[in-house]
1. If the viscosity is 0.890 mPa s and the temperature 25 °C, what Stokes-Einstein diffusion coefficient in µm²/s follows for the range 79-237 when Rh is the Kirkwood radius over Cα pairs?
2. Determine the alpha carbon to alpha carbon distance for each of 173/277; 138/200; 138/173; 138/268; 150/210; 200/277 and list only those over 30 Å.
3. Based on Cβ point charges of +1 for Lys and Arg and -1 for Asp and Glu, what charge dipole magnitude is obtained for the chain about its Cα centre, in debye rounded to the nearest 20?
4. Taking +1 at the Cβ of each Lys and Arg and -1 at the Cβ of each Asp and Glu, which of 179, 135, 195 sits farthest along the dipole of the range 112-198 towards its positive end, judged by Cα position relative to the Cα centre?
5. Residue-wise, which Karplus ³J(HN,Hα) couplings in Hz belong to the range 287-304, taking 6.51 cos²θ - 1.76 cosθ + 1.60, θ = phi - 60°, and x for glycine or proline?
6. Mind listing which GluC sites (Glu not before Pro) in the range 151-230 are in a DSSP loop and have 15 or fewer other Cβ atoms within 10 Å?
7. When the distances between all Cα atoms of the chain are binned every 10 Å from zero, what whole-number percent does each bin get?
8. Around residue 281, under 13 Å between beta carbons, what's the net of Lys plus Arg minus Asp minus Glu among the other residues?
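Every number here is computed from the coordinates shown, using simple stated rules; none is lab data. Computed from a predicted model, the values in this text were never measured in an experiment. Heads up, the Cβs are rebuilt from the backbone with ideal geometry, glycines too, and the neighbour counts pull from every protein chain shown.
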Amino acid sequence: MNHSLLSPSQDIWADWLLHRRFADNPPYAERVRFVVQGYIDRVLDHARLAPDAHLLDVGAGEGTLGFRAIERFGSHLHVTMTDISTAMLGYAQAQADEKGLSSQCSFVESSADALSEIADASMDVVTSRSVLAYVPDKRAALRAIHRVLKPGGRISIAEPIFQDEAFDTVILKNRVDAQVSGSNEGLGTDLGLALLHRWKACQFPDTPEKIANSPIANYSERDLMRIAVGEGFTEIHLELHIDVLPSIIQSWEVFIGASPHPWAPSLKTIMEEQFTKEESEYFEAMVRPSIEAGHPVSIDRMAYLSATKP
């Protein structure tokens, strides 16, 4: 099943960052931005930026990390922002103009696994947040980062770890398959379980083979560390943060409208395109009361890796 129900002509990165991530819900968007700010500050804590450094932020998106770096480290910091999305680079540049930061910012359209527009040994620090997760060749991305860093330069990144979501989706599929097999022997099937699997399989791979071919699920935090070692980084520090907290989603509309990552359709889209009307009504009756009662928790897994180029 295709992880994205968007047409190839659409910019999935801009669509997700500016709309689907928070279901076009301004109050929820503020809660998301607060959480993201925590990720960004941890990345910058490990970056050890000097006030006059040249920072490269790979996959800059809205420019939030770069702007926060300037806020924290001052008017002599220069930030180059790269992204593969023309729309997001334009958005970030407009934000820089609005904030009066244009003189400290440069914008370059470039993929994370090449950084072909960035000169060798030209950067003091390279950061990225939730970027390598979507790069099929993570080794090439870290090799490119190593190339553009000056000797003694640092990398500081934060990447989501989605493997457990994928493993859970595989378990759901196995349970549904077992029930289907059992139904052929006169046993009943659980519609709720089948719908849960159909939902999750639209957002995460549901077989070991799909996991192996999925950039968001075929790596762990330890893989990131091994790649960094292999690409010549030293003084490597890795932290895996797992936070189990009450969900910041407080309404059914946001729950079905938000999307967990750029390649994932929202539950609303899945229900409209993958469920029958009767299945959608059954699923909503099963899940909605728990959401509106505030019972769900969120499990956030983020790997933070910092290192130095010798």
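1. 133
2. Working: 173/277 22 Å; 138/200 25 Å; 138/173 28 Å; 138/268 32 Å; 150/210 38 Å; 200/277 18 Å.
The pairs that break the limit, which is 30 Å between Cα atoms, are 138/268; 150/210.
3. For the chain, the charge dipole is close to 700 debye.
4. About the Cα centre, the residue reaching furthest to the positive side is 135.
5. Whole-Hz 3J(HN,Hα) from phi for the range 287-304: 9, 4, x, 5, 5, 6, 7, x, 7, x, 10, 10, 10, 10, 10, 10, 9, 10.
6. Filter output for the range 151-230: 185.
7. Histogram of Cα-Cα distances, whole percents per bin: 6, 25, 33, 22, 11, 4, 1, 0.
8. -2
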